[in-house]
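A short worksheet on the structure shown next.
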Amino acid sequence: MTAKKVEIVVSPRPAHFVGDGFRVHNFIPGVQGLDMKRMDPFIMLDYNSKFHFNGSERPRGVGVHPHRGFETVTIAYQGKVEHHDSSGGGGIIGEGDVQWMTAAKGVLHKEYHETEWSKKGGIFQMVQLWVNLPAKDKMSLPKYQAIENSAMERVDLGENGFIEIIAGEYNGHKGPAETFTPLNMMNAKLKAGGKAEFSFPAHFNTAALVVEGSITVNGEEKAKADHFVLFKNEGEVFTIEALEDSVVLIISGEPINEPIYPHGPFVMNSREEIMQAFEDFNTGKFGYLED
(Lines give C-alpha, C1' and ligand atoms only; values in the text may rest on other atoms or scores of the structure.)
Protein backbone atom coordinates (compact mmCIF):
# COMPACT_ATOMS: atom_id res chain seq x y z
CA MET A 1 0.00 0.00 0.00
CA THR A 2 1.12 3.54 -0.73
CA ALA A 3 0.79 6.78 1.25
CA LYS A 4 -2.34 8.89 1.00
CA LYS A 5 -1.00 12.44 0.89
CA VAL A 6 -2.61 15.69 1.98
CA GLU A 7 -4.15 17.80 -0.79
CA ILE A 8 -4.92 20.89 1.30
CA VAL A 9 -5.32 22.06 4.91
CA VAL A 10 -8.25 24.47 5.17
CA SER A 11 -8.64 27.09 7.89
CA PRO A 12 -12.17 27.78 9.16
CA ARG A 13 -14.08 30.44 7.24
CA PRO A 14 -16.00 33.16 9.14
CA ALA A 15 -18.82 31.65 11.20
CA HIS A 16 -22.50 32.27 10.58
CA PHE A 17 -25.64 31.33 12.51
CA VAL A 18 -28.08 28.63 11.43
CA GLY A 19 -31.23 29.65 13.27
CA ASP A 20 -30.18 31.20 16.56
CA GLY A 21 -28.68 28.06 18.12
CA PHE A 22 -25.90 26.91 15.83
CA ARG A 23 -22.85 29.09 15.09
CA VAL A 24 -21.10 27.22 12.33
CA HIS A 25 -18.13 27.26 9.97
CA ASN A 26 -19.15 25.67 6.69
CA PHE A 27 -16.46 23.54 5.03
CA ILE A 28 -18.56 21.50 2.57
CA PRO A 29 -19.61 22.85 0.07
CA GLY A 30 -18.72 26.44 0.95
CA VAL A 31 -14.94 26.22 0.56
CA GLN A 32 -13.34 26.20 -2.88
CA GLY A 33 -12.21 22.65 -3.64
CA LEU A 34 -14.69 21.12 -1.21
CA ASP A 35 -17.78 21.13 -3.43
CA MET A 36 -20.40 18.38 -3.33
CA LYS A 37 -18.98 16.48 -6.30
CA ARG A 38 -15.43 16.51 -4.91
CA MET A 39 -16.55 15.34 -1.46
CA ASP A 40 -19.32 12.92 -2.55
CA PRO A 41 -21.01 11.26 -0.62
CA PHE A 42 -20.38 14.00 1.99
CA ILE A 43 -22.39 16.91 0.58
CA MET A 44 -22.41 19.28 3.56
CA LEU A 45 -20.30 19.77 6.69
CA ASP A 46 -21.14 22.47 9.22
CA TYR A 47 -18.87 22.72 12.22
CA ASN A 48 -20.04 24.51 15.36
CA SER A 49 -16.64 25.18 16.93
CA LYS A 50 -16.56 25.83 20.68
CA PHE A 51 -18.95 28.66 21.46
CA HIS A 52 -20.42 29.75 24.79
CA PHE A 53 -24.18 30.25 24.90
CA ASN A 54 -25.63 32.06 27.89
CA GLY A 55 -28.51 30.38 29.70
CA SER A 56 -31.95 30.87 28.17
CA GLU A 57 -35.46 29.81 29.16
CA ARG A 58 -36.33 29.62 25.47
CA PRO A 59 -34.15 26.99 23.80
CA ARG A 60 -32.24 28.33 20.82
CA GLY A 61 -32.20 26.37 17.60
CA VAL A 62 -33.78 25.90 14.19
CA GLY A 63 -37.54 25.81 13.62
CA VAL A 64 -39.47 23.42 11.42
CA HIS A 65 -37.83 22.75 8.05
CA PRO A 66 -38.01 19.96 5.45
CA HIS A 67 -35.40 17.49 4.18
CA ARG A 68 -35.44 15.05 1.26
CA GLY A 69 -32.89 12.92 -0.55
CA PHE A 70 -30.07 12.49 1.98
CA GLU A 71 -29.14 11.78 5.61
CA THR A 72 -28.15 14.17 8.38
CA VAL A 73 -25.53 13.09 10.92
CA THR A 74 -25.22 15.17 14.08
CA ILE A 75 -22.19 14.54 16.30
CA ALA A 76 -22.25 16.16 19.75
CA TYR A 77 -18.90 17.02 21.34
CA GLN A 78 -20.15 19.49 23.97
CA GLY A 79 -23.73 20.52 24.77
CA LYS A 80 -27.01 18.73 24.13
CA VAL A 81 -29.49 18.90 21.25
CA GLU A 82 -33.17 17.98 21.24
CA HIS A 83 -35.00 17.22 18.00
CA HIS A 84 -38.41 16.19 16.64
CA ASP A 85 -39.82 15.30 13.24
CA SER A 86 -43.10 14.80 11.43
CA SER A 87 -42.80 11.00 11.42
CA GLY A 88 -42.93 10.91 15.23
CA GLY A 89 -39.18 10.55 15.70
CA GLY A 90 -37.11 12.57 18.09
CA GLY A 91 -34.90 12.49 21.13
CA ILE A 92 -31.91 14.06 22.84
CA ILE A 93 -28.37 13.96 21.49
CA GLY A 94 -26.11 14.02 24.54
CA GLU A 95 -22.40 14.79 24.72
CA GLY A 96 -20.48 12.15 22.77
CA ASP A 97 -23.61 10.82 21.05
CA VAL A 98 -24.56 10.74 17.37
CA GLN A 99 -27.97 11.06 15.73
CA TRP A 100 -28.17 9.64 12.21
CA MET A 101 -31.37 10.70 10.46
CA THR A 102 -32.31 9.27 7.08
CA ALA A 103 -34.62 11.91 5.63
CA ALA A 104 -35.00 9.97 2.34
CA LYS A 105 -38.49 10.63 0.86
CA GLY A 106 -39.08 13.51 3.23
CA VAL A 107 -39.57 14.74 6.79
CA LEU A 108 -40.22 17.98 8.59
CA HIS A 109 -37.63 18.46 11.30
CA LYS A 110 -36.69 20.88 14.08
CA GLU A 111 -33.66 20.89 16.36
CA TYR A 112 -32.66 23.07 19.28
CA HIS A 113 -30.67 23.15 22.50
CA GLU A 114 -31.98 20.61 25.00
CA THR A 115 -34.32 22.34 27.47
CA GLU A 116 -32.40 21.83 30.73
CA TRP A 117 -29.00 22.45 29.09
CA SER A 118 -30.40 25.64 27.57
CA LYS A 119 -31.40 27.02 30.98
CA LYS A 120 -27.81 26.74 32.23
CA GLY A 121 -25.98 27.40 28.96
CA GLY A 122 -22.33 26.56 28.44
CA ILE A 123 -19.84 25.55 25.78
CA PHE A 124 -21.50 24.14 22.67
CA GLN A 125 -19.58 22.16 20.03
CA MET A 126 -21.14 20.06 17.28
CA VAL A 127 -20.66 18.74 13.75
CA GLN A 128 -23.47 18.18 11.27
CA LEU A 129 -22.81 16.23 8.09
CA TRP A 130 -25.13 15.61 5.19
CA VAL A 131 -24.56 12.23 3.56
CA ASN A 132 -25.99 11.80 0.09
CA LEU A 133 -28.22 8.86 -0.83
CA PRO A 134 -28.02 6.98 -4.14
CA ALA A 135 -30.95 7.53 -6.52
CA LYS A 136 -32.49 4.15 -5.74
CA ASP A 137 -32.74 5.03 -2.03
CA LYS A 138 -33.71 8.71 -2.12
CA MET A 139 -37.42 7.92 -1.81
CA SER A 140 -37.11 5.21 0.82
CA LEU A 141 -38.82 5.55 4.19
CA PRO A 142 -37.32 7.95 6.76
CA LYS A 143 -35.64 6.42 9.80
CA TYR A 144 -33.43 7.26 12.78
CA GLN A 145 -30.34 5.75 14.30
CA ALA A 146 -29.77 7.12 17.79
CA ILE A 147 -26.19 6.10 18.58
CA GLU A 148 -25.16 6.61 22.17
CA ASN A 149 -21.47 7.01 22.90
CA SER A 150 -21.46 3.78 24.90
CA ALA A 151 -22.65 1.86 21.80
CA MET A 152 -19.73 2.96 19.63
CA GLU A 153 -16.98 0.46 18.98
CA ARG A 154 -13.69 1.50 20.61
CA VAL A 155 -10.28 0.38 19.48
CA ASP A 156 -7.72 0.77 22.25
CA LEU A 157 -4.38 2.13 21.05
CA GLY A 158 -2.74 1.81 24.45
CA GLU A 159 -0.66 4.85 25.40
CA ASN A 160 -1.63 6.49 22.08
CA GLY A 161 -5.33 6.83 22.96
CA PHE A 162 -8.26 5.18 21.17
CA ILE A 163 -10.43 5.22 18.05
CA GLU A 164 -14.19 5.63 18.47
CA ILE A 165 -15.99 4.16 15.43
CA ILE A 166 -19.35 5.62 14.40
CA ALA A 167 -19.61 3.96 10.99
CA GLY A 168 -17.40 1.76 8.88
CA GLU A 169 -14.36 -0.15 10.04
CA TYR A 170 -11.01 0.32 11.74
CA ASN A 171 -8.56 -2.57 12.09
CA GLY A 172 -11.34 -5.14 11.75
CA HIS A 173 -13.65 -3.42 14.26
CA LYS A 174 -16.98 -2.09 12.98
CA GLY A 175 -19.09 0.86 14.08
CA PRO A 176 -22.83 0.60 14.84
CA ALA A 177 -24.24 2.93 12.14
CA GLU A 178 -25.89 1.34 9.13
CA THR A 179 -25.09 3.10 5.85
CA PHE A 180 -26.50 2.91 2.32
CA THR A 181 -23.08 3.17 0.66
CA PRO A 182 -19.58 2.27 1.89
CA LEU A 183 -18.30 4.96 4.25
CA ASN A 184 -16.28 5.40 7.40
CA MET A 185 -16.75 7.91 10.20
CA MET A 186 -14.78 7.87 13.43
CA ASN A 187 -13.19 9.98 16.14
CA ALA A 188 -9.49 9.56 16.85
CA LYS A 189 -8.99 10.55 20.49
CA LEU A 190 -5.24 10.72 20.84
CA LYS A 191 -2.99 11.62 23.74
CA ALA A 192 -0.09 14.02 23.26
CA GLY A 193 2.49 12.19 21.16
CA GLY A 194 -0.02 9.49 20.27
CA LYS A 195 -0.11 8.10 16.74
CA ALA A 196 -2.74 6.29 14.68
CA GLU A 197 -2.59 4.82 11.19
CA PHE A 198 -5.58 4.73 8.84
CA SER A 199 -6.15 2.88 5.59
CA PHE A 200 -8.96 3.58 3.09
CA PRO A 201 -9.30 2.81 -0.63
CA ALA A 202 -7.53 5.32 -2.86
CA HIS A 203 -10.73 6.42 -4.64
CA PHE A 204 -12.66 7.12 -1.41
CA ASN A 205 -13.04 10.82 -0.63
CA THR A 206 -11.22 11.19 2.68
CA ALA A 207 -10.83 14.08 5.11
CA ALA A 208 -10.17 14.93 8.74
CA LEU A 209 -11.48 17.72 10.98
CA VAL A 210 -9.37 18.70 13.98
CA VAL A 211 -11.97 19.11 16.71
CA GLU A 212 -9.49 19.49 19.57
CA GLY A 213 -5.73 19.99 19.84
CA SER A 214 -3.29 19.92 16.93
CA ILE A 215 -1.81 17.19 14.75
CA THR A 216 0.83 16.28 12.22
CA VAL A 217 -0.27 14.21 9.22
CA ASN A 218 2.21 11.78 7.65
CA GLY A 219 4.95 13.43 9.70
CA GLU A 220 4.78 16.49 7.42
CA GLU A 221 1.60 18.57 7.36
CA LYS A 222 0.47 20.32 10.54
CA ALA A 223 -3.18 21.12 11.30
CA LYS A 224 -4.51 23.08 14.27
CA ALA A 225 -7.87 22.92 16.02
CA ASP A 226 -10.86 23.80 13.81
CA HIS A 227 -8.89 23.09 10.61
CA PHE A 228 -9.98 20.67 7.87
CA VAL A 229 -7.58 18.30 6.10
CA LEU A 230 -8.45 17.00 2.63
CA PHE A 231 -6.54 14.00 1.27
CA LYS A 232 -5.68 13.25 -2.34
CA ASN A 233 -7.48 10.44 -4.13
CA GLU A 234 -4.34 8.38 -4.42
CA GLY A 235 -2.67 6.01 -2.00
CA GLU A 236 -4.38 4.29 0.91
CA VAL A 237 -2.47 4.81 4.16
CA PHE A 238 -1.88 7.89 6.30
CA THR A 239 -0.84 8.55 9.88
CA ILE A 240 -1.88 11.14 12.40
CA GLU A 241 0.28 12.19 15.34
CA ALA A 242 -1.13 14.35 18.13
CA LEU A 243 1.07 17.28 19.12
CA GLU A 244 -1.12 17.66 22.23
CA ASP A 245 -4.21 15.83 23.48
CA SER A 246 -6.40 15.85 20.37
CA VAL A 247 -9.74 14.79 18.93
CA VAL A 248 -9.92 14.30 15.15
CA LEU A 249 -13.02 13.41 13.13
CA ILE A 250 -12.10 11.13 10.23
CA ILE A 251 -14.48 10.69 7.28
CA SER A 252 -13.95 8.54 4.19
CA GLY A 253 -16.57 7.40 1.69
CA GLU A 254 -16.97 5.86 -1.73
CA PRO A 255 -18.33 8.38 -4.24
CA ILE A 256 -21.84 7.62 -5.47
CA ASN A 257 -21.00 9.19 -8.84
CA GLU A 258 -24.54 10.24 -9.74
CA PRO A 259 -25.82 13.72 -10.68
CA ILE A 260 -26.20 15.96 -7.63
CA TYR A 261 -28.97 18.57 -7.89
CA PRO A 262 -29.33 20.50 -4.62
CA HIS A 263 -31.79 23.22 -3.74
CA GLY A 264 -31.98 24.37 -0.12
CA PRO A 265 -33.07 21.45 2.06
CA PHE A 266 -33.51 19.04 -0.87
CA VAL A 267 -30.76 17.10 -2.67
CA MET A 268 -31.94 15.09 -5.65
CA ASN A 269 -30.64 13.97 -9.05
CA SER A 270 -32.50 16.38 -11.35
CA ARG A 271 -34.34 19.69 -11.52
CA GLU A 272 -37.60 17.81 -12.06
CA GLU A 273 -37.13 15.89 -8.81
CA ILE A 274 -36.46 19.15 -6.95
CA MET A 275 -39.66 20.65 -8.36
CA GLN A 276 -41.54 17.54 -7.23
CA ALA A 277 -40.03 17.88 -3.77
CA PHE A 278 -41.31 21.45 -3.45
CA GLU A 279 -44.74 20.41 -4.70
CA ASP A 280 -44.91 17.55 -2.21
CA PHE A 281 -43.79 19.86 0.60
CA ASN A 282 -46.31 22.55 -0.33
CA THR A 283 -49.18 20.04 -0.53
CA GLY A 284 -48.48 18.58 2.90
CA LYS A 285 -46.95 15.26 1.88
CA PHE A 286 -44.12 15.73 4.37
CA GLY A 287 -46.62 15.58 7.23
CA TYR A 288 -47.13 18.12 10.01
CA LEU A 289 -44.88 19.31 12.81
CA GLU A 290 -45.70 22.13 15.21
CA ASP A 291 -43.09 24.88 15.27
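The values are calculated or read from the model by the stated rules, or taken from the named source; none is laboratory data. The structure presented is a predicted model; accordingly, all values stated were derived computationally and were not measured. Cβ atoms come from the backbone with ideal geometry, glycine included; neighbour counts cover every protein chain shown. We work out accessible area using only protein heavy atoms, side chains counted, and drop any ligands, DNA or RNA first. Shrake-Rupley method; radii C 1.70, N 1.55, O 1.52, S 1.80 Å.
Assess whether D245 counts as being open to solvent by less than 30 Å² (accessible area, probe 1.4 Å), touching a Gly at 6+ places or on another chain (Cβ under 8 Å) and among the charged types (D, E, K, R).
No, not satisfied.
Matching residues to (1) over 29 Å from K136 (Cα atoms); (2) not small (G, A, S):
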position	(1), (2)
K174	no, yes
F180	no, yes
A188	yes, no
N218	yes, yes
K222	yes, yes
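Contact map, the stretch 271-287: residues that are aliphatic (A, V, I, L, M) paired with residues that are open to solvent by 70 Å² or more (accessible area, probe 1.4 Å), Cβ distance under 7 Å, separation 6+ or inter-chain. Pairs shown: I274/Y261; I274/H263.
Of the residues in the stretch 43-52, at least one is buried (at least 16 other Cβ atoms within 10 Å of the Cβ) and among the acidic types (D, E).
Pairs linking a residue in the stretch 200-224 that is touching a residue at least 24 places away in the same chain (Cβ under 8 Å) and polar (S, T, N, Q) to a residue that is open to solvent by 30 Å² or more (accessible area, probe 1.4 Å) and part of a strand (DSSP E or B), with Cβ atoms under 6 Å and 6 or more positions apart or on different chains, are S214/K224; T216/K222; T216/E241; N218/T239.
Quick check on S56: is it over 17 Å from M185 (Cα atoms), open to solvent by less than 30 Å² (accessible area, probe 1.4 Å) and in a loop (DSSP other than H, G, I, E, B)? When the stated conditions are applied, S56 passes them. The condition of being open to solvent by 30 Å² or more (accessible area, probe 1.4 Å) and more than 23 Å from E212 (Cβ to Cβ) holds for only one of D35, D40, that being D35. Mind checking which strands (runs of 3 or more DSSP E) fall wholly inside the stretch 70-110 and carry at least 2 residues that are open to solvent by 30 Å² or more (accessible area, probe 1.4 Å)? Those strands (runs of 3 or more DSSP E) span 70-78, 81-85, 90-93. All told, Q99 falls short of being over 21 Å from V64 (Cα atoms), of a type in the set (S, T, N, Q) and in contact (Cβ under 8 Å) with a residue 12 or more places away in the chain.
Taking the condition out of contact with any Leu (no Cβ under 7 Å at 6 or more places or on another chain), modelled with pLDDT of 95 or more and either over 20 Å from E197 (Cβ atoms) or crowded, with 18+ Cβ neighbours inside 10 Å (or both), does D226 pass?
On the way: out of contact with any Leu (no Cβ under 7 Å at 6 or more places or on another chain): yes; modelled with pLDDT of 95 or more: yes; either over 20 Å from E197 (Cβ atoms) or crowded, with 18+ Cβ neighbours inside 10 Å (or both): yes.
It is true that D226 is out of contact with any Leu (no Cβ under 7 Å at 6 or more places or on another chain), modelled with pLDDT of 95 or more and either over 20 Å from E197 (Cβ atoms) or crowded, with 18+ Cβ neighbours inside 10 Å (or both).
Filtering the stretch 155-168 to residues that are buried (at least 16 other Cβ atoms within 10 Å of the Cβ) and either within 20 Å of the chain's Cα centre (by Cα) or part of a helix (DSSP H, G or I) (or both) leaves N160, F162, I163, E164, I165, I166, A167, G168. Would you pick out the residues in the stretch 5-32 that are touching a residue at least 12 places away in the same chain (Cβ under 8 Å), open to solvent by 60 Å² or more (accessible area, probe 1.4 Å) and not in a loop (DSSP other than H, G, I, E, B)? Hits for the stretch 5-32 are E7, I8, R23.
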